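The values are calculated or read from the model by the stated rules, or taken from the named source; none is laboratory data. Quick caveat, the model's predicted, so the values are computed rather than measured. So basically every Cβ, Gly included, is an ideal-geometry build from the backbone, and we count neighbours across all protein chains shown. Quick note on the areas: whole protein, heavy atoms, side chains included, nothing else; ligands and nucleic acids left out. Shrake-Rupley method; radii C 1.70, N 1.55, O 1.52, S 1.80 Å.
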Amino acid sequence: MSSWDNETLMLRFENSFVAALPGDPVETNVPRPVRNASYTRVSPTPVRAPLLLAWSDALGEELGIARPQPGSPALEALAGNRVLPGMQPYAARYGGHQFGVWAGQLGDGRAITLGEIVARDGSRQELQLKGAGRTPYSRTADGRAVLRSSLREYLCSEALHRLGVPTTRALSLVGTGEDVIRDMFYDGHPAPEPGAIVCRVAPSFLRFGNFQIHAAHEETEILGKLLDFTIQKHFSGISKPDSFMELCRKTALLMTDWMRLGFVHGVMNTDNMSVLGLTIDYGPYGWLEGYDPMWTPNTTDAEGRRYAYGNQPHIALWNLARLAEALLPIVEKDALEAGLKLYGDVYQDAMTRALAQKLGLSSLEEDDGLIQDLFKVYSETETDFTIFFRNLARVERPEDEEILKGSFYGKPAQGLKAWLHQYASRIKSDPLPAATRAQRMNAVNPKYVPRNYLAQQAIDAMAQGDASVLDKLMKVLERPYDEQPANDAFAARRPEWARHKAGCSALSCSS
């Protein structure tokens, strides 16, 4: 394991993005419009009393980095109090469509990339601090992050990784020892909350909006350089047209993962969409508990429900179309249109396979009625998406109805018995053996997901100085598909007290 806790600071940092793309010539760190640049060099703002609240041992092992000690240069760097040798920190410039409307310049308003390191597997990984202070892209904000939002990102990014979903990762959670003023519900009642910084890790944090901002200001030369850089670093050996098609393919597979797991991102603006097909920017996310395709965890989206669970595949395509418009000056139109078509084809095929796997079938053939009737069962009564599919692996006969009763928040659906007759008949005719079916279902239907009420319990405990609740939850989520009888409480339905509790149901964009 490399050490960055001593004065030799053996960890080596590289800065390919800074070297390849034009930077902002203005060094003043004040919110302002930026032109003809892909980033602005800016250092994090130091905090008063950094304290390591959480550390991902697994990710640290992959990166070859040891857990930092109190007062060490490493901890100081993760808090934004020290820039280590080789780091060239910057905030990226990007724009984006927010809730379907072009919002102009956005950029890293509270995120600062420290640099790149080479992980043990040879991959290059960027380290980025979220909540590290003001940048030229902060607009009227302070560039800080509160404990609840930083902990939620730390928790869910690592949980999704364990679930097999492409995502940015989280290395550390550092308390700042300072309060941050936030109006949690945007209702005119701001209040102090403990601050925290999460260190995010990914091969790149480039998003659709990085390209859109250059296209919007007709900075075609920089747009071309950015695309060349992206292809060279992340799509090696692929042409410009094929790179867009590959992004469309990756995005379709990402949406399949979100939908098969009941994950709702909550704020799918184009500036929150990764050009590597990763889950990025964890804000008001949530997990389907009572199944509802129009459910959104985002209070800002409560009226329009643009980013509801059932809309996510369509929104991803809409966002890809906006990226295609930005790339029109440098990529052939036919190739962009082909990429958008490919998205639909890949998503349909992948989602069909995912549904078959969730139901324990070797394939879906003439099963439209089975699927439609299943969702009718869902709609009859409040049905827990995760628990239903997990328990379904133990169902073999129509008489096994009792096994599924724990999936319902109220009385079991009236149509359940009839659907079970269909399902039992279908699995009997499927060539997949019963033992294999259950094993394969449990490999794709998790028992444990980071439900919002579990996250809120960890937040509440951490705010009181108790890290054990988060540590225990993270340990359980390391094996989301495994039976862990001692941890069954983490797989329970959302308790009634959490139905309307702040942080346990809907959340604001500041979450």
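Brief remarks on what is shown
- Elements of type strands (runs of 3 or more DSSP E) in the range 67-165, at least 1 residues being open to solvent by 20 Å² or more (accessible area, probe 1.4 Å) and farther than 30 Å from residue 326 by Cα: 111-118
Listed here are the residues, each with its yes/no results for (1) open to solvent by 10 Å² or more (accessible area, probe 1.4 Å); (2) touching a His at 6+ places or on another chain (Cβ under 6 Å); (3) polar (S, T, N, Q).
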residue	(1), (2), (3)
258	no, no, no
263	no, no, no
266	no, no, no
270	no, yes, yes
280	no, no, no
286	no, no, no
290	yes, no, no
295	yes, no, no
299	yes, no, yes
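- Wholly enclosed helices (runs of 4 or more DSSP H) of the range 426-501 bearing at least 1 residues within 24 Å of residue 145 (Cβ to Cβ): 452-463, 468-477
- Meets criteria (open to solvent by 10 Å² or more (accessible area, probe 1.4 Å) and either in a loop (DSSP other than H, G, I, E, B) or in contact (Cβ under 8 Å) with a residue 24 or more places away in the chain (or both)) for residue 218: yes
- Residues that are of a type in the set (Ser, Thr, Tyr), within 20 Å of residue 96 (Cβ to Cβ) and either surrounded by fewer than 18 Cβ atoms within 10 Å (Cβ to Cβ) or in contact (Cβ under 8 Å) with a residue 40 or more places away in the chain (or both) occur at least once in the range 301-317.
- In the range 265-283, the residues that are in contact with a Leu (Cβ under 7 Å, 6 or more places away or on another chain) and either under 22 Å from residue 455 (Cα atoms) or charged (D, E, K, R) (or both): 271, 279
- Within the set 127, 151, 160, the sole residue that is in contact (Cβ under 8 Å) with a residue 60 or more places away in the chain, among the aliphatic types (A, V, I, L, M) and under 30 Å from residue 23 (Cα atoms) turns out to be 127.
- Of all residues in the range 1-33 being in contact with a helix residue (DSSP H, G or I) (Cβ under 9 Å, 6 or more places away or on another chain) and at pLDDT 95 or above, the one that is surrounded by the most Cβ atoms within 10 Å (Cβ to Cβ): 17
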